[in-house]
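The values are calculated or read from the model by the stated rules, or taken from the named source; none is laboratory data. These numbers come from a predicted model, not from an experiment. When we count neighbours, we look across all protein chains shown, and the Cβ atoms used for this are built from the backbone with ideal geometry, even at glycine.
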Amino acid sequence: MIKRKLDIIVIGGGAAGLAAAIAAKESGVNSVLVLERNPELGGILPQCIHTGFGLHYFKENLTGPEYISRFISRVHDLEIEYKVETMVLELSPRREVWAVNQHDGLLNLKADAIVLAMGCRERSRGALCIPGTRPAGIFTAGTAQRLMDIEGFLPGRKVLILGSGDVGLIMARRFAMEGAEVMGVVEVAPYPGGLDRNLQCLRDFGIPLYLRHAATFIHGSDRVEAVTISRLDESGKPIAGEEKTIECDTLILSVGLIPENELSKGAGIQLDPNTGGPVVDENMETSIEGVFACGNVVHVHDLVDHVTQSGEVAGKNAAKKVLGELPPLERRIHLRPEGNIRYVVPQIISGERPLTLFSRVKKPASNAKIIVGEKISIHKRIVKPPELVTIKLTSELLKKLNPEKKELTVTMEE
Amino acid sequence: MDRETREVICILCPVGCRITVEIEDGEISKIENAGCKRGRDYAEQEIKSPVRDFFTTVRVKDGKIPVVSVRSTAPIPKRMLMRCASELARIVVPAPVRIGDVIVKNIMNLGVDIVATKSVEKA
Ligand SMILES: Cc1cc2nc3c(=O)[nH]c(=O)nc-3n(C[C@H](O)[C@H](O)[C@H](O)COP(=O)(O)OP(=O)(O)OC[C@H]3O[C@@H](n4cnc5c(N)ncnc54)[C@H](O)[C@@H]3O)c2cc1C
Ligand code: SF4
């Protein structure tokens, strides 16, 4: 067993983890180690071969692999140490990390600061509740993407997609471009789950979108042969007689992402039931001192630019912690989402420094006012569930906060 | 007279205006419901000559992974997407491939190149 002591350990080598490691190293901390279970750095991005990355951060329209390659080069330039094919098994509340790989065997590492950047994973439960057979040909969208764009293998020729989030829409286009027949995208909600710009993926290829529909039966013995979908009523129950059976050899599940927090739970880090990720303060520090978190492990982002920014904040503050330059927050004001606001991150702020809150809404709304506490009101022309809502708290606005308050609600008025 | 109304969803900003475009005898006669000038221009382009970013994968010989991701250096006409895809399906490039390497110069005479978006080492 190898035992080592480091300044900072970053768990996960995706967009968030690499931004954190780079920011930490640039802040003057020397021993930074990134642990990644995949054979390469980059997280999900090497398999996201479409454009649409970096529009904010680089003001360029990059593909996923191009976006992340800039950070991987920086990791090499700064000589940041990393280990790939290394799986972190456990994190202790005393910032001890247990990991394993083929080369070193078991690793027992300790650090003054830890950055959690494990990303998110795909829900696969959706399929388990669908009656019918369990034939081959059912994949999650991420697995299908990896098979196509890294392993060079087309998982099916006649495809039905469950879920109209960005991942589902992008995979619909990807299959169509590869010459597969995309039979449709099925969505339980009355509106699509993805960004408007990704709806173009369906229109360009004439792919039908079945809103307020659910898959209700899977047919096929060895391989998927067809899937029955049903129209849903207002309460979300299938309407008898409104079924349609769609012939297909492949069913793609794109039914949601959840932050990957097995390690966080094991360490006893406080999680937010609204995000599925750790509760963080404005420094991106979790409930365990010296443990920071960033990217999709905190909440599922739609834009990588925001993931990178959160990584930079976490990395910078982890470095300050190590250097003894991170004083405790002057005050800890808890933000509580209410009404149409599903969640707010960070969950804890000091009210002393300007910052941007990230929030997600439950339902679309237009001409809405986001109300923080009693006095701060921010106008939003339009808000939609697939799009993160940013709430900029300037120093001017923060002056309106009541310094005595320990808790503030964040809500919306239409 | 031949008249047709088409809807263009503007993707330039989060508002996502549903812009209606009226076409008379193949010419745009009216653009409505655009929230701003940029959106109007976008709708006009979408009707006259829509373009798209193009990206796919190309097979690699003797690489660490069997395919490399590629993109066009500029958007291409929408109607050429599938033709470019079939053209690239016929190609195999030898490893190593470097990010930015030109895989096909001036594909189908569109005036854009196809470049690699990642590096693939030799196996
Ligand atoms: C299909 C798809 C399309 C998208 N399209 C866009 C787009 O067009 N534009 C845009 O801006 N954004 C897009 N995004 C969003 C954006 O790419 C992601 O939000 C971002 O890349 C997430 O980065 P991350 O570092 O938080 O997570 P990840 O990239 O998932 O990285 C987490 C890493 O942690 C590793 N890890 C996890 N657990 C362990 C462990 N126990 N031990 C070791 N390593 C571990 C994982 O292997 C992984 O490499 C898209 C996302 C997807 C999935
Ligand atoms: S038309 Fe203007 S306001 Fe409307 S979506 Fe497009 S860019 Fe936004």
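So the values come out like this:
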item	result
Within segment A:331-382, strands (runs of 3 or more DSSP E) holding 2 or more residues that are within 28 Å of B:Gly35 (Cβ to Cβ), touching a residue at least 24 places away in the same chain (Cβ under 8 Å) and not hydrophobic (A, V, I, L, M, F, W, C)	A:355-361, A:365-372
Segment A:251-298: number of residues that are of a type in the set (A, V, I, L, M, F, W, C), part of a loop (DSSP other than H, G, I, E, B) and farther than 18 Å from A:Gly165 by Cβ	7
Scan of segment B:21-54 for residues that are in contact with a Ser or Thr (Cβ under 6 Å, 6 or more places away or on another chain) and away from ligand 2 (no atom under 12 Å from the Cβ), ordered by number	B:Glu22, B:Asp53, B:Phe54
Looking only at segment A:44-66, and only at residues there that are more than 9 Å from chain B (Cβ to nearest Cβ) and touching a Leu at 6+ places or on another chain (Cβ under 6 Å), the one that is farthest from A:Thr140 (Cα to Cα)	A:Gly54
Pick from segment A:385-414, criterion under 24 Å from B:Val15 (Cβ atoms) and out of contact with any strand residue (DSSP E or B) (no Cβ under 7 Å at 6 or more places or on another chain), ranking: surrounded by the fewest Cβ atoms within 10 Å (Cβ to Cβ)	A:Thr394
Segments classed as strands (runs of 3 or more DSSP E), wholly inside segment A:1-119, with at least 2 members that are under 24 Å from A:Gln145 (Cβ atoms) and either near ligand 1 (Cβ under 10 Å from one of its atoms) or at pLDDT below 95 (or both)	A:32-35, A:51-53, A:87-91
Number of positions in segment B:53-72 that are of a type outside the set (Gly, Ala, Ser), more than 7 Å from chain A (Cβ to nearest Cβ) and crowded, with 17+ Cβ neighbours inside 10 Å	5
A:Asn283 being within 30 Å of A:Tyr210 (Cβ to Cβ), among the polar types (S, T, N, Q) and surrounded by 19 or more Cβ atoms within 10 Å (Cβ to Cβ)	no
Number of positions in segment B:73-94 that are exposed (fewer than 12 other Cβ atoms within 10 Å of the Cβ), under 14 Å from the mean Cα position of the chain (by Cα) and at the interface with chain A (Cβ under 10 Å from one of its Cβ atoms)	0
Candidate set from segment A:172-220 (those that are crowded, with 17+ Cβ neighbours inside 10 Å and on the phi > 0 side of the Ramachandran plot); member that is farthest from the other protein chains (Cβ to nearest Cβ)	A:Gly220
